[in-house]
Amino acid sequence: MGRIDFRPVLLMSVLLIAGCFKVGPDFAPPPAPVAKDWQDAGDRQVKRESTGPRDWWRAFNDPALDRLIDTAYRENLNLRIAGVRVLEARAQLGVAIGELFPQTQQAFGSLEKFRYSEHAPMAAFNQNLRYWQSEVGLTASWELDFWGKFRRAIESADASLVAAVADYDATLVSLTGDVAASYILIRTLEKRLDIARQSVATQTEVLKIAEAKFRGGTTTQRDVEQAKTLLFNTEASIPTLEIQLRQAKNALSVLLGMPPNQLVDLLAGKGSIPAPPPQVAAGIPADLLRRRPDIRAAEAQAAAQCANIGVAKADLFPAFSLTGTFSFQSSDVGRFALGQMFRWDSRNVQAGPSFQWNLFNYGRLINQVRVQDARFQELLIGYQNAVLKAQQEVEDSLTAFLRSQVRARFLGESTAAARRSFDLSVLQYREGATDFTTVLNAQQALLNEQDSLAVTLGDISRNLVGVYRALGGGWQLREGQDFIPESVRTEMAKRTNWGFLLAPTRYALSEPGNGGKEKGAEAPAPALKQD
């Protein structure tokens, strides 16, 4: 009866045991301080349905705004940078996965000539001091993942990929909000310029009346000079508004990834300030945890750092490895010849297990674990702070949107009253029933009210953009699309072999809250702590 070789069984046992241990904590989402409802939830303009503000900009029913958003999505350079970072994170995940397999796999070979000193110790016993030696072979070293070090590294890289996708989505949310806000600002400035130019025309007519009355001897030079003062002051405000308009257009051009002179066609036509819809779908505060990409990114970053604690803790324990070398070797010493290298009896074999344990590290390793744990705690607190800040942003924008509409209603009435007051003052001045100071005050009041109303109307729309932005809407625009455009993919493929990693939509997360999963990763559901 032959002997039973237990070595394969022992090896398989070691490998199975190595797959069971994972030192370090498992990630659990921290409790998030979330209010039960918005402070303005009782307002009839606030809907609590959790439908989610996807393509919210279409609620303004402005084709020019739709064109701008579409162009920004295709051309914005910061968004492209975020897309490339997703590819970087995916490649980094591949690196981490590769570490799980034999870390060293090398083919080697050499042809060397040796010439030893004739006075060396070996010369007393061996006269073959000059010879050639050739060798070719393979060597491999595999550190077993006994403590879960490499699997924790994969967890960290996987969560980092989820964070990179969430960062891309957060960039897209900011981009859509910035484009809409810039467009509304441009339309508001155009309206204010139109008001200023109309006021110049009206004040010019009043100046002509004052000059006519002065020539007729029914008034003094003071009326003429006062009319000129107001007229020139209004004309002086026009260059300031033109500067602001040009700068707003230049800022919008950067968001669209194009030179400023190419913006004309996209803004063609005389547009008005986009009118907001009558209601806003705000949902409930808990929706932020699945809508807002920056919150998802903060959670994924914390998960990645949690896994890094296990990576650092594994260094406290012995590392077990399997190493092996197989080669053919020959020389021309004595009766041997280099041509005999590939004979079976010219083989060299070296294989076996080994371990390495850093026993005396003087606190270096344990303090490295503490460093990783402190960073993890920092990210947990950062996540909770991000949740609070998100609620603040929604509350701020929501109350500004609602209160600005109240202000606009009063300004509309005051503007109409100022118009009537101005018309009456001019009529009375013509008939000599009042002095020019009354006309002057009415003119100034009318201009101020008209300008304030235009600014407030712009504020209403921009505050609504702020609400949708704070709610995390807009990132869904990339669903079914790639993170980088075809031109960039082609350029990168020509430069480097990316394999399947450049395939479109390979890492796209599904709708959060619907079991949103990343390819190779899972987005955990946050734990809620209601106020």
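So that you can scan it fast, the table gives a plain yes or no per residue for (1) touching a Leu at 6+ places or on another chain (Cβ under 7 Å); (2) not polar (S, T, N, Q):
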site	(1), (2)
Pro29	no, yes
Pro33	yes, yes
Arg48	no, yes
Thr71	yes, no
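Results for (1) in contact (Cβ under 8 Å) with a residue 12 or more places away in the chain; (2) farther than 30 Å from Trp38 by Cβ; (3) crowded, with 21+ Cβ neighbours inside 10 Å, shown as yes or no for each residue.
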| position | (1), (2), (3) |
| --- | --- |
| Gln428 | no, yes, no |
| Thr434 | no, yes, no |
| Gln443 | yes, yes, yes |
| Leu447 | yes, yes, yes |
| Ala454 | yes, no, yes |
| Arg462 | yes, no, yes |
| Val467 | yes, no, yes |
| Ala470 | yes, no, yes |
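Among the numbered conditions (1) β-branched (Val, Ile, Thr); (2) open to solvent by 30 Å² or more (accessible area, probe 1.4 Å); (3) within 23 Å of Trp57 (Cα to Cα), the only one that Thr490 does not meet is (3).
Could you please find all residues in segment 315-349 being among the basic types (Lys, Arg) and assigned to a loop (DSSP other than H, G, I, E, B)? Result: Arg335, Arg343. Answer yes or no as to whether Ala166 is within 25 Å of Arg375 (Cβ to Cβ), touching a helix residue (DSSP H, G or I) at 6+ places or on another chain (Cβ under 7 Å), surrounded by 23 or more Cβ atoms within 10 Å (Cβ to Cβ) and of a type in the set (A, V, I, L, M). It is true that Ala166 is within 25 Å of Arg375 (Cβ to Cβ), touching a helix residue (DSSP H, G or I) at 6+ places or on another chain (Cβ under 7 Å), surrounded by 23 or more Cβ atoms within 10 Å (Cβ to Cβ) and of a type in the set (A, V, I, L, M).
Taken together, the residues in segment 115-159 that are open to solvent by 40 Å² or more (accessible area, probe 1.4 Å) and assigned to a loop (DSSP other than H, G, I, E, B) amount to 9.
Taking the stated definitions as given, is Arg48 open to solvent by 20 Å² or more (accessible area, probe 1.4 Å), over 23 Å from the mean Cα position of the chain (by Cα) and touching a residue at least 24 places away in the same chain (Cβ under 8 Å)? Judged against the criteria, Arg48 is a match.
For segment 173-187, a residue qualifies if it is polar (S, T, N, Q) and open to solvent by less than 10 Å² (accessible area, probe 1.4 Å), and exactly one does: Thr176. Inclusion of Thr240 among residues that are of a type in the set (Ser, Thr, Tyr) and over 49 Å from the mean Cα position of the chain (by Cα) is not warranted.
Which count do you get for residues in segment 350-385 that are in a loop (DSSP other than H, G, I, E, B), on the phi < 0 side of the Ramachandran plot and open to solvent by 60 Å² or more (accessible area, probe 1.4 Å)? Selection size over segment 350-385: 4. Note on segment 319-336: residues that are surrounded by 14 or more Cβ atoms within 10 Å (Cβ to Cβ) and free of Cβ contacts under 8 Å to residues at least 60 places away in the same chain amount to 1. For segment 61-113, taking the residues that are in contact with a helix residue (DSSP H, G or I) (Cβ under 8 Å, 6 or more places away or on another chain) and closer than 25 Å to Phe320 by Cα, the one that is most open to solvent (accessible area, probe 1.4 Å) is identified as Gln92.
Of all the residues in segment 203-233, those that are open to solvent by 50 Å² or more (accessible area, probe 1.4 Å), touching a residue at least 40 places away in the same chain (Cβ under 8 Å) and among the polar types (S, T, N, Q) number 1.
The values are calculated or read from the model by the stated rules, or taken from the named source; none is laboratory data. Keep in mind it's a predicted model, so treat the numbers as computed, not measured. Positions of Cβ are backbone-derived with ideal geometry, glycine not excepted, and every protein chain shown enters the neighbour counts. Protein only, heavy atoms only, side chains kept; ligands, DNA and RNA dropped before computing areas. Shrake-Rupley method; radii C 1.70, N 1.55, O 1.52, S 1.80 Å.
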